[in-house]
Every structure is written in structure tokens, then in C-alpha cells.
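One structure is given here, and the rest of the page talks about it.
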Amino acid sequence: MVDYDLLTLDEIQLINKAQQGDRNAFGTLVYKYHLGVVNVVYRICGDLDLAEDTAQDAFIRAWQKLPNYQPRAPFRSWLYRIAVNIAIDILRRQQPSELLEEQYCANEDNPETLVAEQEQAAQVQRAILTLPQASRVVLVLREYEGLSYQEIANVLDIPLGTVMSRLNYARACLRNLLGVFAQSLEVEHA
Amino acid sequence: MHEHVTEWLGAYLDGELHKGRQNEIEEHLAKCALCRSELDALSRLSAELHAFTPLHPSISSERFTAQVVLQLPRQVDRTLPKAFHSVVWWSIPGFLLLAWAFLQTAGLIAIIVTMSVNAGLFGDVSLWLFPPEHHWNLLSTLLGFLGGGLSENERAFLLLAHDAEMIIEHILGPFILQVVLGLMFWGWLAGWWAQHRQKTNNYKMKGNE
């Protein structure tokens with residue numbers, strides 16, 4: 001189904017082909033962005049299975065809206081916007097599910113380390129899930145997908161200053177939750 | 001900058017500040033241990049957020065893609081609108097040029113015919129090709145009937161109106177049409193240039209990923 005030759009094709013050409021109904025070209029785009037979309041939805045909703053189902057819905061909706069896509073913004077931003085909107089709709093309908101520590105991979109050589117790291121990873125994700133939805137989405141797009149502030153602003157259709165303030169708030173909350181504090185100020189007063 | 005810069009540290013860490021602000025932050029950080037500690041804490045937070053990645057999704061990307069593609073709804077003749085739009089877009093300058101050529105040809109033929117008529121080449125046929133302007137004769141006859149003849153001013157006004165009509169019909173009209181065609185052509189060219197620049201910028205944006 002995935003045409004690996006198309007992976008080298010310029011993304012604009014892929015999108016043009018997909019807009020003309022080429023399912024193989026669209027499949028190549030799906031393959032390229034699969035993990036990113038799943039990751040974004042997972043970080044927002046906290047359930048990996050739900051994230052995979054939601055990612056499928058996001059891609060199908062992207063296919064339906066593809067004729068309306070204009071290359072004014074990167075395709076990734078446009079795609080993430082669709083995925084984030086679906087994830088937010090899901091959040092409104094249900095509470096984040098219990099996290100399964102097994103969803104995290106870690107050091108498989110040492111079982112004790114594995115358990116500890118899984119627990120720590122789950123703690124991080126639980127902390128993220130406690131954030132207000134608006135701040136959580138901004139944090140996920142920045143920290144886990146590496147989108148620039150402008151790209152985040154485009155995806156969420158919010159001002160640049162709002163991106164920055166929500167990110168600052170999210171980081172401040174997470175620092176408190178995860179116990180990441182500044183070093184002692186004794187040096188300053190010495 | 002004397003006060004602390006903690007609100008800018010996140011953006012500084014993300015590389016989102018412009019050069020001027022970045023230099024200000026760096027100058028402040030060189031002097032302020034508190035802000036340096038805050039920056040360090042933000043770095044550690046980012047590291048902790050990235051320390052563990054979730055297990056790979058339960059299905060591979062290939063299988064996921066196959067499932068998605070199988071579920072894609074049928075597209076109903078999606079190609080036509082885009083192809084049609086493309087054909088229409090690229091036909092515009094052709095039609096504009098044809099219209100301009102038609103105007104030029106019609107004007108040229110009119111000049112040739114007028115000169116021929118004035119030279120008497122058409123003889124009696126010219127009466128059929130260029131009938132007297134009845135509406136002017138009727139108007140002057142009517143005015144003469146009503147007013148017992150036209151005064152000098154009325155006659156001058158009629159002649160002026162007649163000349164104005166000639167100018168509008170034979171000179172100003174074609175001129176305006178050509179200006180409109182020219183503007184439409186330049187408008188199309190500007191639209192093409194804007195699209196071309198947008199595509200070029202998108203290629204550049206893609207290169208930054």
C-alpha cells in the first residue's frame with residue numbers, strides 16, 4: 001500500500017497528487033506523520049489505544065478536507081490542527097483513562113530499572129494530564145513535536161503571546177508537580 | 001534590564017527570541033544567578049519530559065497506513081475541479097490577448113473602410129454601409145419644427161454633442177476597452193507571481209524542517 005518511492009518525492013508534489021485522488025500518495029503522507037499524530041493525541045488524552053483510533057479518524061478527516069488545503073502553512077501544522085481538534089472533542093466527552101505503566105518502554109535489560117522507569121514515565125504523563133487542556137496542548141506540541149511558537153499559533157489559531165504564556169504556565173505547573181526546582185539561592189547571597 | 005527575566009527564559013531556551021532580546025537575556029543571565037537557576041530548572045524539566053518515550057504503537061506504521069487507506073471514502077471526480085480550475089486559469093491570458101487582437105483588428109478595418117469611403121471607393125454602397133445618422137437629423141428637425149428653427153447656440157450645442165459622441169464612440173470607447181484588457185492582463189500576471197512566490201516560500205519552509 002505504501003509506495004516507498006514516493007517517500008523521496010517532494011511533499012508538495014505528494015499533496016498535489018493526493019488532492020487529485022491518489023490514495024498511494026496520501027498513504028505516504030499517513031506513513032510519514034503516523035507516529036507524530038499518535039504521539040500528539042496520546043499526550044493530550046493519555047490513552048494509547050484511543051490515540052491510535054483517533055489518529056485514524058484524523059487522517060480520514062484530513063483526506064476529506066484535503067481539497068481545501070492551501071499550502072500557506074506547513075502540511076504538518078494543518079494535520080495537527082485536525083488531530084488536536086478531535087482530541088479536544090474526545091476530552092470534552094470523557095475523562096482521561098488510567099495510564100498503563102506498560103505503555104512505556106524503558107531499559108529492558110534490567111527489570112527493576114524497567115519498573116522504576118515505567119513508573120516515572122507514568123508520573124510525567126499523569127502530570128501532563130493534570131494541566132488545563134489549553135496549556136496541555138501547547139506543551140505537547142512544543143515539547144513532543146518540536147513545533148515553533150508560530151506553528152503552534154497557526155495550529156491552534158491563537159496569538160503568539162498566548163502560546164508563550166500558556167507554555168510558561170504549563171512548565172511552571174509541571175515543575176511543581178514533578179519537583180523540578182531551581183538550585184539553592186545561597187550562591188546569590190554569598 | 002534590571003528586573004528578572006524569568007518570563008522570557010522558556011522562549012530563550014526554545015530559541016524563539018529575536019536577536020536583540022536574546023542578547024539582553026544573555027547579558028542579564030551573566031549577572032543574575034536566580035535567572036540562571038531558573039533556566040537550568042527549565043532545562044532539567046525538558047529533559048525529564050523527554051526521558052521516556054511511550055511504547056511504540058500497537059501496530060506498525062505500514063499496517064496503520066493500510067488500515068487508513070482502506071477506510072478512505074470514495075472521492076467523487078476530485079480531479080475535475082482542480083484540472084478545470086487550472087485550464088481556466090491558464091486560458092485567461094490567451095483570451096485577453098485574443099480580445100486585444102480583435103479590438104486592434106476591428107479598429108484597423110474601421111480606419112481602412114472609412115478612408116476608402118472618404119476616397120469614394122465604395123460609391124453608392126457607402127450609403128448602405130454608413131447610413132446618415134438619423135437620430136441627429138430627426139432631433140434637429142424636431143427642434144426646428146418646435147422652435148421655428150435652431151438658434152446659433154442650439155446648433156452649436158448639437159454639433160458639440162455630435163462631436164462628443166464621435167469621440168466617445170470611436171476613440172474613448174476603444175481606449176477604455178484596451179485599458180481594461182491591459183489591467184486584466186496585469187492583474188492575472190500579479191496573481192501568478194503571488195502564487196509563485198507562495199510556492200517558493202513553502203519550499204523554503206519545508207527546507208527548515
>> Along the charge dipole of the stretch A:36-81, pointing to its positive end and built from +1/-1 on Cβ of Lys, Arg, Asp and Glu, which listed residue (A:50, A:70, A:80) has its Cα farthest out?
In response: A:70
> Ranked from highest to lowest mean number of other Cβ atoms within 10 Å per residue, what is the order of the peptides A:162-171, A:125-134, B:94-103?
Replying inline: A:162-171, A:125-134, B:94-103
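What does the charge count near residue A:83 come to, summing +1 for each Lys or Arg and -1 for each Asp or Glu among other residues with Cβ under 13 Å from its Cβ? List each step's numbers first, then the result.
Working: positive: A:43, A:61, A:65, A:76, A:81; negative: A:52, A:53, A:57, A:89, A:145.
Residues near residue A:83 contribute 0 overall.
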> Under a Cβ-Cβ cut-off of 15 Å, what is the net charge of the residues other than residue B:46 that fall near it, where Lys and Arg count +1 and Asp and Glu count -1?
Replying inline: -2
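Readers should treat all values here as calculations from the given coordinates under stated rules, not as data from a laboratory. Since this is a predicted model, take the numbers as computed values, not measurements. Positions of Cβ are generated from backbone atoms using ideal geometry, with glycine treated the same way; all protein chains shown enter the neighbour counts.
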